[in-house]
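First the structure, in the form of structure tokens, and then the observations on it.
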Amino acid sequence: MLRSLVGSEMCIRDRYQRRVRGNPDRSMALAGRALHLIYADEDTGKFELGEEAIAALAAVRGPVAVCAVCGRARQGKSFILNKLAESTAGEGFVVGPTHRPCTKGIWLWSAPLPRVAPDGTEYHVLLIDTEGIDAYDQTGQYSTQIFSLAVLLSSLFVYNQMGGIDEAALDRLSLVTEMTKHIAVKADSIDATKEDLGKFSPSFIWLLRDFYLDLEEDGREVTPRSYLEMALSNMTGDGPAVESKNSIRESIRALFPERECCALVRPITDEKKLQKLNEVPLTDLRPEFVEGLGALIALINARCQPKKVGNDVLNGPALASLAAAYVHAINEGAVPAIATAWESVAEAECRRVSDEAEAVYVSEFVDPAADAPPEDAPLLACLLYTSPSPRDS
């Protein structure tokens, strides 16, 4: 399995770099735009679902994978998603040059990206952009809720940050510790551990932007993954401060058992162009950055697999219903319970499929049987008897 994933990453990376060299101004492969999926009502403070985004989700009938990008405001989350969506300037998620956050709430890219798994299974990737955490106009509770919803809905969670992983960076991810206090596996379970939640968590990529450090240890080159694991190792010592810092590390390790790290150098030295990075052709960016971006996209494509709850693979309608269940729980002041919410969604989805099957049966067999010739009366009686919706003749 690992060999097939690595092979897929190399293949996708080569294809991406050939595309950049051959046609740097290529437009979106599929026309799409950003739709507001979840937002907070300004008057009530309650979360709302965007009708257009929910309709777009419900239209995707096959398996769906969900890539969510989260991180602090104004650090280039939307730029990465626009490259995944293959959008050009002005077409994708909003990217702006000012200090004010561009993304509010959670946004969905309207055009699912078709993918084929190594075993031939076809599925679609959905892209989700989130409001920057720790923005000046947010409360801590709001940041935790947005972060939690992105984790709950995604099959791959990309955490975007500037620079290396230091204590300040880990402290900012204390949201993970808070999140584990506000999510349950089942509604009637109060003893779920972080490891229990980890069984339902997405794959995790810690993306380091404008990374300038040499990854070396005792003169040996260190991979970004090894760098991440060293940063997440518990500190030695005693006392409340050490316990608090180790609690964050333990929460990240438990919640994201499948984790990776990717580092990108600064894309360009010109500050003016950096402020409008989405408008700069890839050919004008540093070759090291373009190579790293290709590797990142390859890693995301390889790791972003269909969303599952337990052993069940989600389709678009199921994901839309799950989003509604989580939002309803938060608005009611309850704790989103993953398994309980999925049980309700699965029951509703089964009823929907049953109703659709019944409608097809009636239209294909029962209705035409009403016009059958007399000699087919026994068949008509049989059909009316076995129909899910018997009706008087």
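Values in this text are rule-based calculations from the coordinates and carry no lab data. Please read these numbers as outputs of a predicted model, since none were measured by experiment. Note that each Cβ is placed from the backbone with ideal geometry, even for glycine, and that neighbours are counted across all protein chains shown.
Numerical summary
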| read-out | value |
| --- | --- |
| Two-site label geometry, D41 and E271: point separation in nm, points 7 Å out along Cα→Cβ | 4.4 |
| Length added when fully stretched, L213-T139, from 0.36 nm per residue minus Cα-Cα | 23.4 nm |
| Prolate/oblate/rounded call for segment 201-254, Cα gyration tensor, a/c under 1.5 rounded | oblate |
| Most to least packed among 235-244, 162-171, 206-215 [average Cβ atoms within 10 Å] | 206-215, 162-171, 235-244 |
| Along each principal axis, Cα extent of segment 254-346, largest first, Å | 51, 28, 27 |
| Net length gained if the chain between A59 and R220 were fully extended (0.36 nm per residue, minus Cα distance) | 52.9 nm |
| Cα gyration tensor shape for segment 234-285, rounded if a/c is under 1.5, else prolate or oblate | prolate |
